[in-house]
Amino acid sequence: MPDDKNLNLSPKSADRIAKTTCYMCACRCGINVHIKGDEIRYIEGNRDHPVNNGVLCAKGSAGIMQHLSPARLNAPLKRVGKRGEGKFEKISWEEAMEMASSWLKPIRETDPRKLAFFTGRDQSQALTGWWAQQFGTPNFAAHGGFCSVNMAAAGIYTIGGAFWEFGSPDWQNTELFLLFGVAEDHDSNPIKIGLGKLKDRGIRTVSINPVQTGYSAVADDWIGITPGTDGLFILSLIHVLMKTGQIDLDYLIRYTNAPWLVIRRPGSADDGLFLRDENGQPQVLDHKTGKPISAETAGIRPQLKGEIALPNGGVAVPAFMLMAEDWLNDEHSPEASEAKTGIPAERVYALAGAIAEAAFKREVVIDQPWVDWKGEHHDKMIGRPVAMHAMRGISAHSNGFQTCRALHILQILIGSVETPGGFRFKPPYPKPAHIHPRPAGKPDQVKPSTPLPGAPLGYPMSPDDLLVDDQGQPVRIDKAYSWDAPLSAHGLMHMVISNAYAGDPYPVDVLFMYMANMAWNSSMNTRGVIDMLTETDPETGEYRIPKIIYSDAYSSEMVAYADLILPDTTYLERHDCISLLDRPICEPDCVADAIRWPVVEPDRDVRGFQSTLLDLGARLGLPGMVDADGKPLYRDYADYMTNHQRKPGIGPLAGFRGQSGKDKGRGDPNPDQIDAYIANGGFWSEELPENARYFKMANQHYQDFAVKMGFFDKPEPYCFQIYSEVLQKFQLAAQGHGKNQPPQHLRERIKACFTPLPQWYAPFDGDMVDSDTYPIHALTQRPMAMYHSWGSQNPWLRQIHGHNPLFIPSGLARSLQVQDGDWVWVSSHHGKIKVPVAVMEGVNPHTVWTWNAIGKRRGAWQLDPDAPEARKGFLLNHLIHELLPMRGDGLRWSNSDPITGQAAWFDLKVNITKADHEDNASAEPAFPILGTPPDLEKPASVLRYGDSIIARDKKENNQ
Ligand code: SF4
């Protein structure tokens, strides 16, 4: 038995408690860190925090072990061996920063595109994006392109927000909750807390997901859909609801573009566009006069049916008629889709009935008057209490954007977006695409020693906003915002290394990455990417990607492939800013932001990446980072958080602004702002007025509040875009209209996929392989106990998921004659792996799956080379290529959604055969053991945490 002293985790054993923000996943819960001396003793949830109300998950508790990880990098490193050997020499920060700036300065002075700056799941994109903009490179993005950009972009283009960080189910009021293809790390604590509330109230939860784990395992109903067919399933729900009249017509008329008139003049350049007046206002048919009138006119009652002849030929009809024409078609009936979805038609009818019953028989009425943007007064807030949530599961397919759009349209049709009991926006959302900026980086905007005129990421509204050259060719290294992926709002990080390697569209000189494990679990075609990182030009002997700068806190697989390492701190040792300018932590009823701060000082020669970036920016003389004399404007990230103003009065932190510290949203910088956050528990929040809490897109009270807080400079009410004119503009370009048209080889694809009303098409990768040869769908998901690759180095969390078997359905197991612990070969059109299996019932009969990023490369993360993560853990990534199989014309498209560029991880189809029995089998492919950076700590000999054990381990390390 361990003695009590070693395991004393009582808060009383601490001599101070520091309140900050968790970073063991991206939910950003508030935590109380108990500290004794300079040692962290215990982490608990902050009960006052708006995100988690004191709830802490397994990951959050295990933050202690993340902080104490032996894999922490301890000093700047310069590569001395070959790339991939992991041989490094420690250098000083001065040498490291001089090296980085000497690589970057000439690029900026000649061709800033030669810097590709991409970050992983960091939480400082307001800073990193601005830094790229000031550097002048368009080649910037974070990890959204390989995560869930389809969900985010479809939401922004359709309703002005999306799930998770942009909004939340109305847990208090909903009567039915639907979960579609969730990734269990998006959202973590908030969903668990919400599900608990639903269970307390006896509210039914239905999960539509090929795999019945996590949230699906505690749902009342599980619908084990075939991967990639969610769009078909949702459209069949829409078909049934429309056919039976179970939709909210009043809501459609008031808050959506369903009544807007659409021009029907096939073959003309304006076919499918909205009929607009001379001021550009969309037109509707006025019920009283039957004539077109601006949709913005107060007091009108637009028609959903009708037709007017147009002076130049053709007609205009309300978008609703196109919706009815399309979705009432029998091709969308449950009977027509059941063979593909694997869901019997009867279940679709039953679910549609449950949705209609909850929405229309159990409407929620809140006795709260409010005024809409047209000045019309409403006595009450009336809602349709059906809430939904979805994330990467439906998003990471090549048809994900249209699937996500279909899901939002299902919500709209029953009137459950931003109404009581439905889905609610979190400020500063809703924020529709047209008020976001367009992406900067057109050829004439990229100039030596000059910032871009705007942010590199944004939301295109037409082909004119694409980042292409005169020949229509991509100008970004990831080909974002080109005809390959026009609405790629988060970039295509999964294409950066292969494009840079191929010099397509041009070579880069420096690849600068932060927290992105591209040499392992974050890349498709992992072995290929490793080769691309290490291959040299036969003529010059130089690496194809000449210089790689990488910043990480830990000795991840990517470290070994970089030339210069800028070591980051752990999340408990640095300042961070969870900003409204970035990805907010607001709740539907409150505006909130938060900080992290060094609750303990680093005991190594490491620096917070954001401070490093500002230092580098100052050394490069980037505008906004230096004063008129060229001296650094910001001492460090904390100084930037306090004093930077994106525009007058608007800074990274919205709380405690102004000299008095009492200003909210807008206000002068306050030198004591960070202290005020710390005193307040590490966060700031402000409640929304009661009359501003629902119907935010149309609610004048909310719009005024948003202007006061600085979200907008003027009210920005808008209508939900069921019918997407943006997509139609790309469709017209593919038909040969307009000055910017796609290259011939992409026209048919754009015509098929850029439909203004969502359509389902088969996922590309699965559709392009022979389904007799590769009959089985293969998926990965993150476990809720871990986050990306960080968790599987953590001794406490490794006890939950120490390795990852391939979970296979029992029917398949019987036909393969395999049982738990057996090994199988899994092959795709791209590769072959050998993995252990586990048999389960709760999975679609044609689908196998595993946890992602548990498998580790031997030698990385300071794990024992024979750790189970290396021997019995594996990645499906080896089976997935970043390019689709060759087509008839000899071209290969990227393995992405053609609209947003979202990495199509979940389109994979495989074949499985039983492997011969071997004692002590190991997963294949196996890679050579990676070298370890110098002087990392030895792994702890015990897994438990206790002061004398830590002391003993430290002593052992020092011997
Ligand atoms: S849900 Fe995420 S942020 Fe919240 S406690 Fe768990 S790991 Fe931390």
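The values are calculated or read from the model by the stated rules, or taken from the named source; none is laboratory data. Since this is a predicted model, take the numbers as computed values, not measurements. So basically every Cβ, Gly included, is an ideal-geometry build from the backbone, and we count neighbours across all protein chains shown. In case anyone asks, the SASA skips ligands and DNA or RNA and just uses the protein heavy atoms, side chains included. Shrake-Rupley method; radii C 1.70, N 1.55, O 1.52, S 1.80 Å.
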What translational diffusion coefficient, to the nearest whole µm²/s, does the range 81-221 have by Stokes-Einstein, given a Kirkwood radius computed over alpha-carbon pairs, a temperature of 37 °C and 0.692 mPa s viscosity?
171 µm²/s
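Given the -39500 (n - 2.57) contribution per DSSP H run of 4+ residues, what per-residue ellipticity at 222 nm results for the chain, rounded to the nearest 500 deg cm²/dmol? Please report the intermediate quantities before stating the final value.
Values: 27 runs with 236 residues, N = 959.
When only DSSP H runs of four or more count, the value is -7000 deg cm²/dmol.
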With a 1.4 Å probe and every protein chain left in place, work out the accessible area per residue of the chain in Å², rounded to a whole number.
34 Å²
Across Lys834/Lys856; Lys90/Lys938; Lys78/Lys832, pairs whose alpha-carbon gap is larger than 25 Å:
Lys78/Lys832
Please report, in Å, the Rg and the Dmax of the range 462-502, where both are computed over Cα atoms only.
9.9, 30
Once phi is turned into ³J(HN,Hα) by the Karplus curve 6.51 cos²θ - 1.76 cosθ + 1.60 with θ = phi - 60°, what whole-Hz value does each residue of the range 472-477 show in order, with x for glycine and proline?
x, 8, x, 10, 9, 5
In percent, how large is the relative contact order of the range 40-91, given Cα pairs closer than 8 Å and 6 or more residues apart?
23 percent
If amide H atoms are built 1.01 Å from N in the plane of the peptide, which residues on other chains or at least 5 residues away come under 5 Å of the amide H of Leu779?
Val848, Trp849, Thr850
For the range 266-307, list residues with backbone N below 18 Å from a point placed 7 Å from the Cα of Phe360 toward its Cβ?
304-305
Place +1 on the Cβ of every Lys and Arg and -1 on the Cβ of every Asp and Glu in the range 112-260, take the dipole about the Cα centre, and give the residue among Val218, Ser236, Leu176 whose Cα lies farthest towards its positive end.
Ser236
Degrees separating the helix 125-135 axis from the principal Cα axis of the chain, which is the longest one
80 degrees
For Asp250, placing the label point 7 angstrom along Cα-to-beta-carbon and taking the range 363-390, residues whose amide nitrogen sits under 20 Å are 363-387
Cα pair distances exceeding 20 angstrom across the range 743-804, given as percent
59 percent
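In the chain, what % of DSSP beta bridges are antiparallel (nearest 5)? Don't skip to the end; give the middle numbers.
Values: 70 of 111 bridges.
Taking every DSSP beta bridge with both residues in the chain, the antiparallel ones total about 65 percent.
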Dividing the mean separation of Cα pairs under 8 Å (6+ apart) by the residue count of the chain yields a relative contact order in percent of 18 percent
Rg/Rh ratio calculated on Cα atoms of the range 321-425 (Kirkwood radius):
1.03
Based on Cα positions only, what radius of gyration and what Dmax would you give for the range 716-872, in angstroms?
22.1, 61
For the range 527-651, Kirkwood radius (reciprocal of mean inverse C-alpha pair distance, Å):
17.3 Å
Selected from Ile64, Ala152, Trp164, residue furthest toward positive end of dipole (the range 63-166; charges at beta carbon):
Ile64
In whole Å, what is the distance between the alpha-carbon centres of the range 840-890 and the range 243-303?
49 Å
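Pairs of Cα atoms under 8 Å, at least six residues apart: use those to get the relative contact order of the range 274-357, whole percent. It would help to have the intermediate numbers written out before the result.
Working: 80 pairs, mean separation 12.3, N = 84.
15 percent.
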Which is the longest stretch in the chain that no exposed loop site breaks, taking sites as GluC sites (Glu not before Pro) with a DSSP loop state and at most 10 other Cβ atoms within 10 Å?
543-840
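Under the 0.36 nm per residue contour assumption, what length would be gained going from the current alpha-carbon distance of Ala339 and Glu690 to full extension? It would help to have the intermediate numbers written out before the result.
Working: separation 351, 0.36 × 351 = 126.36 nm, distance 4.75 nm.
The span from Ala339 to Glu690 would gain 121.6 nm if fully extended.
Please compute the length gained on full extension between Lys647 and Glu346, using 0.36 nm multiplied by the number of residues separating them and subtracting their Cα-Cα distance.
Values: separation 301, 0.36 × 301 = 108.36 nm, distance 5.55 nm.
The Lys647-Glu346 span can extend by a further 102.8 nm.
Give the Rg/Rh ratio for the range 661-738, taking Rg as the radius of gyration of the Cα atoms and Rh as the Kirkwood radius, to two decimals.
1.23
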If we count every other residue with Cβ under 10 angstrom of Trp823's Cβ, Lys/Arg +1 and Asp/Glu -1, where does the sum land?
-1
Counting sequence-distant residues (5 or more places) and residues on other chains, those with an amide H built under 5 Å from that of Tyr723 are Asn257
Among Pro648, Ser792, Gly280, the residue whose Cα sits farthest towards the positive end of the charge dipole of the chain, when +1 is placed on the Cβ of each Lys and Arg and -1 on the Cβ of each Asp and Glu, is Pro648
Mind listing the Cα extents of the chain along all three principal axes, in Å, largest one first?
89, 72, 63
Specify the inter-centroid distance of the range 524-566 and the range 100-165, based on alpha-carbon positions, in whole Å.
20 Å
Roughly how many whole Å is it from the C-alpha centroid of the range 381-398 to that of the range 183-215?
12 Å
Given H placed on each backbone N at 1.01 Å, which residues far from Arg41 in sequence or on other chains put an amide H within less than 5 Å of it?
His34, Ile35, Lys36
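With charges set only on the Cβ (+1 for Lys and Arg, -1 for Asp and Glu), what does the dipole of the range 595-721 come to about its Cα centre, in debye to the nearest 20? All intermediate terms of the calculation are to be shown ahead of the outcome.
Values: 16 positive and 18 negative charges, 72 e Å.
The dipole of the range 595-721 has a size of about 340 debye.
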Surface share of carbon and sulfur [accessible, 1.4 angstrom probe, percent] for the chain:
49 percent
Along the range 688-704, Karplus-curve 3J(HN,Hα) (6.51, -1.76, 1.60; θ = phi - 60°) to the nearest Hz, with x for Gly and Pro, reads 6, x, 4, 7, 10, 8, 10, 6, 4, 5, 10, 8, 5, 4, 5, 4, 5
Under 20 Å Cα to Cα from Lys751, which lysines show up? Leave out anything in the same chain fewer than 8 places away.
Lys479, Lys729, Lys739
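Give the value in nm², to one decimal: projected area of the alpha carbon convex hull of the range 221-346, averaged over all directions.
On the way: hull surface 40.1 nm².
One quarter of the hull surface, i.e. the mean projection, equals 10.0 nm².
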What are the ³J(HN,Hα) couplings of the range 538-544, residue after residue, when phi is run through the Karplus curve with 6.51, -1.76, 1.60 and θ = phi - 60°? Round to Hz, x for glycine and proline.
x, 7, 9, x, 8, 4, 4
How far is helix 93-110 tilted, in degrees, relative to the longest principal axis of the Cα atoms in the chain, given as a value from 0 to 90 rounded to the nearest 10?
40 degrees
With T = 37 °C, eta = 0.692 mPa s and Kirkwood Rh from C-alpha pairs, the Stokes-Einstein D of the range 431-584 in µm²/s is about 189 µm²/s
In degrees rounded to 10, the 0-90 angle between helix 149-158 Cα long axis and the longest Cα principal axis of the chain is 30 degrees
